[in-house]
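Colleague: Quick one: structure below, then a few questions.
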Amino acid sequence: MLKKTTLTLTASAIALALTMGTAQAQADKTKLRIQTHFATETLSGSLAAEFIEDVTVMSGGNIEIEMFYAGAVVKAAETFDAAATGILDCDMTGGAYQVGKNPAFQFAGDLNGGYSDPYTQYSWLLHGGGYDALNKLYNPQDMEFVGWWIPGPESLVSTKSFTGIDDLKGWKFRAPPGVITNIFEKLGASPIVMDFNEIFTALETGIIDGADASTIANNVGLGLYDIGKNTNYPGFHSMPADHLACRKDVWDSMPDAHKRIMKVAMQALALKTTTKQGIEMQKAAAELRTAGVKLNTWSNEDMATYRKAVAETWEEYATTPEAKELLAAHLDFLKEIGAIE
């Protein structure tokens with residue numbers, strides 16, 4: 001009788017353990033719906049696909065990501081809200097799209113000439129308190145900042161001459177929302193804010209003369225140089241950090257191991273993005289020269305004029321406590337390493 005009871009208890013214990021194990025396995029599953037503004041055929045789009053593969057392998061398949069490319073669910077600027085409200089789980093566009101909420105979001109993505117290269121900007125994020133500084137801004141919006149991936153300095157596309165500051169007078173160009181519109185207005189240009197996926201048609205139909213889209217390599221992937229035969233290289237005006245940000249309750253409910261995998265995978269994506277884009281930008285520049293596209297390097301005098309407009313606009317844009325605090329966090333770091341006085 002004792003043996004039978006013991007066997008019954010043992011069987012019950014095994015069944016309970018199996019049930020708990022199944023429940024734990026289910027609890028350790030993370031499913032994320034993420035949208036990026038990049039199309040699959042661009043370099044950034046293909047790197048986003050590599051990010052998904054890295055996360056899948058490192059998690060043993062326990063993190064499942066459904067990626068929506070090229071703004072398939074909502075427009076790029078609406079991705080953040082779509083994630084925050086549950087239409088999506090994460091936003092893989094960029095902070096500058098959210099400047100309407102708070103101008104501080106400009107400084108969450110692009111200092112427009114403050115950092116000379118992506119590695120210095122990553123240094124602020126990784127070693128200068130960047131994660132905490134950014135999440136002071138993101139968390140009150142019910143979002144968690146997870147990481148950056150920075151392609152590198154962007155190049156502008158133009159259907160007209162683009163040799164320097166003088167060519168900006170009356171130049172109509174697509175601009176993302178944010179500080180860049182104010183900077184270029186100071187220099188005589190006419191920025192028009194429009195969605196990323198509207199650029200090609202707007203250039204083709206002459207609605208705009210040029211575009212602030214992406215790096216010279218991504219611009220090739222978008223086909224922009226089929227229309228605009230003028231550009232600047234190397235880029236100087238903008239070096240946006242695309243972000244991954246997830247809804248706060250989704251992030252908080254994830255196992256710690258999954259959070260770590262996502263952050264480390266983003267850091268891997270960052271390195272892949274910057275190094276690969278660097279190679280592809282050089283290759284694209286060589287190909288475009290051969291194809292007859294004019295690659296212009298602006299003079300030191302023109303660059304000084306640009307940087308003066310940038311410094312003025314930074315201060316004008318920092319109109320909220322969050323914006324002042326985030327700008328100061330960047331500038332304190334840049335002063336500490338001797339990049340600015």
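The values are calculated or read from the model by the stated rules, or taken from the named source; none is laboratory data. Nothing here was measured: the structure is a model prediction, and the numbers come from that model. Virtual Cβ from ideal backbone geometry, glycine too; neighbours counted across all protein chains shown.
One line per residue, one yes/no per condition, for (1) more than 25 Å from Leu168 (Cα to Cα); (2) loosely packed, with under 12 Cβ neighbours inside 10 Å; (3) outside the structural domain of Ile165 (by TED's automatic domain parsing); (4) among the charged types (D, E, K, R):
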| residue | (1), (2), (3), (4) |
| --- | --- |
| Thr290 | yes, yes, yes, no |
| Glu301 | no, yes, no, yes |
| Lys308 | no, no, no, yes |
| Tyr317 | no, no, no, no |
| Thr320 | yes, no, no, no |
| Ala323 | yes, no, no, no |
| Asp332 | yes, no, no, yes |
| Glu341 | yes, yes, yes, yes |
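Colleague: Looking only at the range 154-177, decide whether some residue is of a type in the set (Lys, Arg), in contact with a helix residue (DSSP H, G or I) (Cβ under 6 Å, 6 or more places away or on another chain) and closer than 27 Å to Leu47 by Cα.
Modeller: Our first condition is that a residue be of a type in the set (Lys, Arg); within the range 154-177, this holds for 160, 169, 172, 174.
Next, only the ones that are in contact with a helix residue (DSSP H, G or I) (Cβ under 6 Å, 6 or more places away or on another chain) stay: 174.
Applying the additional criterion that residues be closer than 27 Å to Leu47 by Cα yields 174.
Checked the range 154-177: at least one residue is of a type in the set (Lys, Arg), in contact with a helix residue (DSSP H, G or I) (Cβ under 6 Å, 6 or more places away or on another chain) and closer than 27 Å to Leu47 by Cα.
Colleague: Any residue at all in the range 6-19 that's surrounded by 10 or more Cβ atoms within 10 Å (Cβ to Cβ), at pLDDT 95 or above and more than 30 Å from Gly223 (Cβ to Cβ)? Full working, then the answer.
Modeller: Of the range 6-19, the ones surrounded by 10 or more Cβ atoms within 10 Å (Cβ to Cβ) are 6-19.
Cutting the leftovers down to at pLDDT 95 or above gives us none.
No: the range 6-19 contains no residue that is surrounded by 10 or more Cβ atoms within 10 Å (Cβ to Cβ), at pLDDT 95 or above and more than 30 Å from Gly223 (Cβ to Cβ).
Colleague: Does the range 80-96 hold any residues that are hydroxyl-bearing (Ser, Thr, Tyr) and crowded, with 24+ Cβ neighbours inside 10 Å, and which are they?
Modeller: Pass one, the range 80-96, residues hydroxyl-bearing (Ser, Thr, Tyr): 85, 93.
Once the filter is applied, which keeps residues that are hydroxyl-bearing (Ser, Thr, Tyr) and crowded, with 24+ Cβ neighbours inside 10 Å, the range 80-96 yields only Thr93.
Colleague: Only residues that are closer than 15 Å to Asp242 by Cα and in a loop (DSSP other than H, G, I, E, B): list them for the range 32-49, please.
Modeller: Result: His37, Phe38, Ala39, Thr42.
Colleague: Further question on the same structure: Considering only the range 144-164, state which residues are among the aliphatic types (A, V, I, L, M) and closer than 19 Å to Pro176 by Cβ.
Modeller: Ile150, Leu156, Val157
Colleague: Is there a residue in the range 206-213 that is at pLDDT 95 or above, acidic (Asp, Glu) and surrounded by fewer than 17 Cβ atoms within 10 Å (Cβ to Cβ)?
Modeller: No, because not a single residue in the range 206-213 is at pLDDT 95 or above, acidic (Asp, Glu) and surrounded by fewer than 17 Cβ atoms within 10 Å (Cβ to Cβ).
Colleague: Tyr97 - would you say it is within 20 Å of Gly278 (Cα to Cα), assigned to a helix (DSSP H, G or I), in contact with a helix residue (DSSP H, G or I) (Cβ under 7 Å, 6 or more places away or on another chain) and hydroxyl-bearing (Ser, Thr, Tyr)?
Modeller: Judged against the criteria, Tyr97 is not a match.
Colleague: Is it the case that Lys308 is under 30 Å from Thr231 (Cβ atoms) and modelled with pLDDT of 95 or more? Give the steps one after another, and end with the answer.
Modeller: Numbers: under 30 Å from Thr231 (Cβ atoms): yes; modelled with pLDDT of 95 or more: no.
It is false that Lys308 is under 30 Å from Thr231 (Cβ atoms) and modelled with pLDDT of 95 or more.
Colleague: Has the range 255-272 got at least one residue that is over 17 Å from the mean Cα position of the chain (by Cα), in the same structural domain as Ala72 (by TED's automatic domain parsing), surrounded by 20 or more Cβ atoms within 10 Å (Cβ to Cβ) and on the phi < 0 side of the Ramachandran plot? Full working, then the answer.
Modeller: Narrowing the range 255-272 to residues over 17 Å from the mean Cα position of the chain (by Cα): 255-261.
Still in the list and also in the same structural domain as Ala72 (by TED's automatic domain parsing): 255-261.
Remaining after also requiring surrounded by 20 or more Cβ atoms within 10 Å (Cβ to Cβ): 258, 261.
So of that shortlist, the ones also on the phi < 0 side of the Ramachandran plot come out as 258, 261.
Checked against the condition, which is being over 17 Å from the mean Cα position of the chain (by Cα), in the same structural domain as Ala72 (by TED's automatic domain parsing), surrounded by 20 or more Cβ atoms within 10 Å (Cβ to Cβ) and on the phi < 0 side of the Ramachandran plot, the range 255-272 yields at least one hit.
Colleague: Okay, next question. Against the conditions (1) more than 18 Å from Thr297 (Cα to Cα); (2) in contact with a Leu (Cβ under 8 Å, 6 or more places away or on another chain); (3) buried (at least 24 other Cβ atoms within 10 Å of the Cβ), where does Val157 fall short? Just the number, please.
Modeller: Here Val157 meets the rest and fails (1).
Colleague: To continue, here is another question. Is it the case that Ile208 is among the aliphatic types (A, V, I, L, M) and under 30 Å from Asp142 (Cα atoms)? Don't jump to the end; show me each part of the working.
Modeller: Details: among the aliphatic types (A, V, I, L, M): yes; under 30 Å from Asp142 (Cα atoms): no.
No: the conditions fail for Ile208.
Colleague: Identify all residues within the range 100-125 that are in a loop (DSSP other than H, G, I, E, B), touching a strand residue (DSSP E or B) at 6+ places or on another chain (Cβ under 9 Å) and more than 20 Å from Ala323 (Cβ to Cβ); write none if there are none. Show your work before the answer.
Modeller: From the range 100-125, those in a loop (DSSP other than H, G, I, E, B) are 100-102, 109-117; that's our starting set.
Retained after the next criterion (residues that are touching a strand residue (DSSP E or B) at 6+ places or on another chain (Cβ under 9 Å)): 109-110.
Selection gives nothing.
Colleague: What is the residue count in the range 118-129 for residues that are more than 15 Å from the chain's Cα centre (by Cα), closer than 17 Å to Thr275 by Cβ and of a type outside the set (Ser, Thr, Tyr)?
Modeller: 1
Colleague: Another question, then. Counting only residues that are among the charged types (D, E, K, R) and surrounded by fewer than 24 Cβ atoms within 10 Å (Cβ to Cβ), which one in the range 97-127 is nearest to Val264 (Cα to Cα)?
Modeller: Among those that are among the charged types (D, E, K, R) and surrounded by fewer than 24 Cβ atoms within 10 Å (Cβ to Cβ), it is Asp117.
Colleague: Within the set of pairs 6 or more residues apart or between chains, which connect a residue that is under 19 Å from Gly113 (Cβ atoms) and assigned to a helix (DSSP H, G or I) inside the range 155-170 to a residue that is hydroxyl-bearing (Ser, Thr, Tyr) and at pLDDT below 95 with Cβ atoms less than 9 Å apart?
Modeller: Note: pairs meeting the criteria are Ile165/Ser299; Ile165/Thr305; Ile165/Tyr306.
Colleague: Can you name every residue in the range 66-93 that is at positive phi and modelled with pLDDT of 95 or more?
Modeller: Of the range 66-93, the ones at positive phi are 70-71, 86.
Residue satisfying the conditions is Gly86 alone.
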